[in-house]
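What follows draws every value from the coordinates through simple rules; no lab data is involved. Keep in mind that this is a model prediction, so the values were computed, not measured. Methodologically, a virtual Cβ is constructed for each residue, glycine included, from the backbone with ideal geometry; neighbour enumeration extends over all protein chains shown.
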Amino acid sequence: MSSPQSDRTGVDLPRGVKPQTLMDALQKGHGYQWIVLSRSPVLIAYGAPSHGENMPELLLTSNRTLVMAGGGPVYAERFRRVLEILQRQDFSWFPVEEEAKHE
């Protein structure tokens, strides 16, 4: 019998990837719904998949760590790839950030 922690995996967010960018990408691309428990002094956000079997539940903590529970080991590598892609992106043109600058 496995322990409850055996199906948990942690992935560090690379430099340049903002937690909100990851949350938006997973919401739009994979249907994750986010509940932000705290933004300050430390971000704590819970992400649940709205569809898709075997997608892991997510906990985004301390602005740099993504903890996955469930979903199987294949998802850790998939999320690492998503983070690598986001790290290479330039979001300076993205309209949402541009609107935030004008507020």
Taking H as built 1.01 Å from N, whose amide H comes closer than 5 Å to the amide H of Thr65, not counting residues under 5 places away? Leu13
Can you tell me which of 36-45, 16-25 comes out highest on packing, and rank the rest after it, using the mean Cβ neighbours within 10 Å? 16-25, 36-45
Segment 26-39 - phi-based ³J(HN,Hα) in whole Hz, Karplus 6.51/-1.76/1.60, Gly and Pro as x: 6, 5, 6, x, 10, x, 5, 10, 10, 10, 8, 7, 7, 10
Going through segment 15-86, which GluC sites (Glu not before Pro) have at most 16 other Cβ atoms within 10 Å and a DSSP loop state? Glu53
Give me the one-decimal nm value for the distance between modelled label points at Gln33 and Arg15, 7 Å along each residue's Cα-to-Cβ direction. 3.8
Residues with beta-carbon under 13 Å from that of Gly29, excluding Gly29: net charge, scoring Lys, Arg +1 and Asp, Glu -1? +2
Relative contact order of segment 15-90 (C-alpha contacts under 8 Å, at least 6 apart) in percent is 24
Taking 0.36 nm per intervening residue step and subtracting the Cα-Cα distance, what contour gain separates Asn54 from Arg81 on full extension? 7.9 nm
